[in-house]
1. If we scan region 236-249, do we find a residue that is modelled with pLDDT under 70, in contact with a helix residue (DSSP H, G or I) (Cβ under 6 Å, 6 or more places away or on another chain) and either under 28 Å from residue 391 (Cβ atoms) or buried (at least 16 other Cβ atoms within 10 Å of the Cβ) (or both)?
2. Filter region 338-352 down to the residues that are surrounded by fewer than 22 Cβ atoms within 10 Å (Cβ to Cβ) and touching a residue at least 24 places away in the same chain (Cβ under 8 Å) and list them by number.
3. Given the criteria modelled with pLDDT under 85, touching a helix residue (DSSP H, G or I) at 6+ places or on another chain (Cβ under 8 Å) and not in a helix (DSSP H, G or I), does residue 257 qualify?
4. Within the bounds of region 87-99, is there any residue that is without any contact (Cβ under 8 Å) to a residue 60 or more places away in the chain and over 20 Å from residue 14 (Cβ atoms)?
5. Please give the helices (runs of 4 or more DSSP H) falling wholly within region 379-458 in which 1 or more residues are modelled with pLDDT under 85.
6. Which one of these is within 24 Å of residue 346 (Cβ to Cβ) and modelled with pLDDT under 85: 315, 227, 280, 287?
7. Filter region 208-235 for residues that are more than 20 Å from the chain's Cα centre (by Cα) and either assigned to a loop (DSSP other than H, G, I, E, B) or surrounded by fewer than 23 Cβ atoms within 10 Å (Cβ to Cβ) (or both) and give the result.
8. Here is a list of conditions, (1) free of Cβ contacts under 8 Å to residues at least 24 places away in the same chain; (2) within 33 Å of the chain's Cα centre (by Cα); (3) closer than 15 Å to residue 308 by Cβ, and residue 355 meets all of them except one; can you say which number that is?
């Protein structure tokens, strides 16, 4: 437990109906008893008040009333942080919340660091590290899929799975160590094959979680989409059609777009981070050349490339060059301007580049639903659903799983090479430790501070 008491505004700092100031630590009840009174400035309660109760009163700074409030008293350990906690529900004015916070700090509280309430919850054993990370993911959720996965992590679906795997590994470590120390009572005859079977099952589960990362990232953050093509093929018009408003300037002048324009949009049920890029062509204009180079970087960073061509112009060598830049990515060709007289067909492009081709008129919003379906088919097998699986969305968690997976692979290799059992124990312990770091059983202070520094103030 900590010997300091922290406080912060726990709601967004801006005009709103209700705001919240949170206090956590051993002196929470002492502080609130100094500043909370009735309207006649009679004591509202003392430090022995029962927890998990709500009280109506007023916050005073000396003899001056700051605000009429509701006060939630919560006794440890049944609180978010595991400490005595007080939450002051006040009116949501910026000055009101700031003044209440200043009064709390004046009477013994310390200003909380970003994420310090959740950090205390972790260090006090109220949640493991995967649950703590899911809190910030839940706050930052930009779509239903990200929210659902964060909630699964928060309720312990992932950490429970990891805890079960560690339990199985620990059992094998204990058995090997016991057999090596007391061979008369523990027989290792045939154990190699038995261990191989068990670890193969565990490895399949760690590998599945590792493989879930790419889908998990896409579900959490959205598909990174780069719209590329020659100048003036309609890339900005397509961006406007997908977003539903005039995000990008559209003109008939080639090279209008000089920089990357990025928009986050729900395209039906699909979350996209869509980038309108500068037209790719040879140019002597130094500013346009910067835009072209940034377009190349957008291609590199994308999950999906929408390779756009103008159906009113013949196939040309520049399109071949662009194809060579994007061919190692997931690509959908967009044959634009089909509302005009076209000189090429989708079949010609399919034959030339062996890519799916969607015919659109970005100007008239034609073909946009077909594009949405093609993206859904490509990334979600045609059905954008968030099933009962648990997805890993944190790079840190993925790296812990990779470390554990490699350690288990080392054990399986040792079994194949008929190595002594003590070799098994070393690598199984390494896998056990890596999974422990994933849920926070074995982490250093620096990592803990780094993780919780990404949280907002008041959480």
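The values are calculated or read from the model by the stated rules, or taken from the named source; none is laboratory data. Computed from a predicted structure; not experimentally measured. Cβ placement follows ideal geometry from the backbone for every residue including glycine, while neighbour counts extend to all protein chains displayed.
1. Yes; the residues of region 236-249 include at least one that is modelled with pLDDT under 70, in contact with a helix residue (DSSP H, G or I) (Cβ under 6 Å, 6 or more places away or on another chain) and either under 28 Å from residue 391 (Cβ atoms) or buried (at least 16 other Cβ atoms within 10 Å of the Cβ) (or both).
2. Residues satisfying the conditions are 338, 339, 340, 341, 342, 343, 344, 348, 352.
3. On the way: modelled with pLDDT under 85: yes; touching a helix residue (DSSP H, G or I) at 6+ places or on another chain (Cβ under 8 Å): yes; not in a helix (DSSP H, G or I): yes.
So residue 257 fits the description; yes.
4. no
5. Counting at least 1 such residues, we get 421-439, 445-452.
6. Values: 315 fails: modelled with pLDDT under 85; 227 fails: modelled with pLDDT under 85; 287 fails: within 24 Å of residue 346 (Cβ to Cβ).
Selected residue: 280, the only one of 315, 227, 280, 287 that is within 24 Å of residue 346 (Cβ to Cβ) and modelled with pLDDT under 85.
7. Looking only at region 208-235, we keep the residues that are more than 20 Å from the chain's Cα centre (by Cα), and these are 226-235.
Matches in region 208-235: 230, 231, 232, 233, 234.
8. The failed condition is (1).
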